[in-house]
Each structure stands twice: as structure tokens, then as C-alpha cells.
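Student: Pasting in a structure now, in C-alpha cells, and then I'll have a few things to ask.
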Amino acid sequence: MITLEQVEKLREKANVSYDEAKAALEAANGDMLEALINLEKQGKVVPPEGGGYYRSTGEKNDSKEDSKASKKYASNRDSLADLIRRFVRFCGMLIHKGNINSIEVLKDGEVKTAFSVTVLVVLALCFFWITIPLLVIGLFLGYRYRFKGPDLGKDSVNSAMDTAAEAAENLKKTFTEGHQNPNQ
């Protein structure tokens, strides 16, 4: 059932005649928003500026304020193409940093091989269950790892790598000493 109050409210919002408002509400089964949309589709109501929206609550609609808010929201949104461009630039920057930094594999203080950090990351991501165990086994076989480059070649990073190598050596010594003297 459509009330007089609904018809008056729609007339006020849409700036249409009483008969047009009543007919739109009847067609929309009393749904104020649906009636407003139908009137807009019929060309009897001008859509809000700036791609805004209608309010079906009792609040007053200040179209200038809503238009400013709508434009501000639209300017803060990035298009999908912008997001993709930013993501590709970010990935390119990461790959570049990985390529200018390298990891060296050392045995008895001598560099046996070196490769870019990008290769290490790809191997760790694609072949995790092979790469990580091989790195750990290398530590137990006496290999050490050292990063070189402008971003990762810092003393703090390499001292952490030395600490891991020393921990592996200590564990290996503890294990071998325990098996050599089982009576003690």
C-alpha cells in the first residue's frame, strides 16, 4: 500500500507531479529507490552530477557537497590499468635488486660459485623442497654462503649467514662426538 507520505517524499526528491510519483511508486510496489530509478530511466528525473547517488533516507541532499565528494572519491581511485602498471614496475624493481645482488658459495674461504639472488628466489619458490634442504646440507658439508651487492652485501646479513654456518658446524661436532664415544 502506497502512502501519501511516500508520494510526497518522491515528489520532493524527483521534482515530478503527484500523478507521476504515485504511478512510479505503484510500479515499484512502494520501493522509493526503485521508483526514483524508473523515473530516471523514463527521462523524468535528471541523474545526479558526477556519477553520484540518490538517498532514500530523510536526509537533505546537498548536490554540490555530494558532487564534490563523488569527484574526490573518483580521483582517489586508480584504474585497473594504473594498478597493473604499478605492480609491473614494483616487480621490475624487485627483479633489478635481485640481479644486482648475488650470493656466493664458499668452501675453505674460496668462492666455488656465485649467482644472482633472483635465481635463488626463483629456485626457492619453485623447488622449495629441493633448494632449502640442499642449502642446509651444504652448511653441514662445510660450505658457507655470503651475499654480495649494494643491498644485501652488508656485514649484518653476512654475519647472520656466518652464525648459521657456525651453528651447523657445532651441531655436526656434537653429533659426531656423541657417536664416537657412545659409553660417555
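Student: Spot the failing condition for L106; the list is (1) of a type in the set (A, V, I, L, M); (2) out of contact with any Lys or Arg (no Cβ under 9 Å at 6 or more places or on another chain); (3) surrounded by 14 or more Cβ atoms within 10 Å (Cβ to Cβ), and only one is missed.
Tutor: (2) is the only condition that L106 fails.
Student: While we're looking at this one, here's another question. If R11 meets every condition in (1) surrounded by fewer than 11 Cβ atoms within 10 Å (Cβ to Cβ); (2) in a helix (DSSP H, G or I); (3) at pLDDT 60 or above apart from one, which number is that one?
Tutor: In the conditions (1) surrounded by fewer than 11 Cβ atoms within 10 Å (Cβ to Cβ); (2) in a helix (DSSP H, G or I); (3) at pLDDT 60 or above, R11 misses (1) alone.
Student: Same structure again: What is the residue count in the range 104-137 for residues that are farther than 20 Å from N170 by Cα and either in contact (Cβ under 8 Å) with a residue 60 or more places away in the chain or not in a helix (DSSP H, G or I) (or both)?
Tutor: 9
Student: Any idea which of L141, L120, L171 is under 24 Å from K97 (Cβ atoms) and either in the same structural domain as I103 (by TED's automatic domain parsing) or under 35 Å from the mean Cα position of the chain (by Cα) (or both)? Lay out the reasoning, then the answer.
Tutor: Numbers: L141 fails: under 24 Å from K97 (Cβ atoms); L171 fails: under 24 Å from K97 (Cβ atoms).
Exactly one of L141, L120, L171 is under 24 Å from K97 (Cβ atoms) and either in the same structural domain as I103 (by TED's automatic domain parsing) or under 35 Å from the mean Cα position of the chain (by Cα) (or both), namely L120.
Student: For N99, state whether it is surrounded by 13 or more Cβ atoms within 10 Å (Cβ to Cβ), part of a helix (DSSP H, G or I) and among the polar types (S, T, N, Q). Explain how you work it out, then say what you get.
Tutor: Details: surrounded by 13 or more Cβ atoms within 10 Å (Cβ to Cβ): yes; part of a helix (DSSP H, G or I): yes; among the polar types (S, T, N, Q): yes.
Criteria met by N99.
Student: For the range 113-131, give me each residue that is hydrophobic (A, V, I, L, M, F, W, C) and either surrounded by 12 or more Cβ atoms within 10 Å (Cβ to Cβ) or in contact with a Cys (Cβ under 9 Å, 6 or more places away or on another chain) (or both).
Tutor: Looking only at the range 113-131, we keep the residues that are hydrophobic (A, V, I, L, M, F, W, C), and these are 114-115, 117, 119-130.
Of everything in the range 113-131, those that are hydrophobic (A, V, I, L, M, F, W, C) and either surrounded by 12 or more Cβ atoms within 10 Å (Cβ to Cβ) or in contact with a Cys (Cβ under 9 Å, 6 or more places away or on another chain) (or both) turn out to be A114, F115, V117, V119, L120, V121, V122, L123, A124.
Student: In this structure, is K68 surrounded by 15 or more Cβ atoms within 10 Å (Cβ to Cβ) and either at pLDDT below 85 or assigned to a helix (DSSP H, G or I) (or both)?
Tutor: Values: surrounded by 15 or more Cβ atoms within 10 Å (Cβ to Cβ): no; either at pLDDT below 85 or assigned to a helix (DSSP H, G or I) (or both): yes.
No: the conditions fail for K68.
Student: Could you tell me which numbered condition F115 fails, if it satisfies all but one of (1) at pLDDT 90 or above; (2) in contact with a helix residue (DSSP H, G or I) (Cβ under 7 Å, 6 or more places away or on another chain)?
Tutor: Condition (2) is where F115 drops out.
The values are calculated or read from the model by the stated rules, or taken from the named source; none is laboratory data. Just so it is clear, the structure is predicted and the values come from calculations on it, not from any experiment. Here the Cβ is made from the backbone with ideal geometry for all residues, glycine too, and neighbour counts use every protein chain on show.
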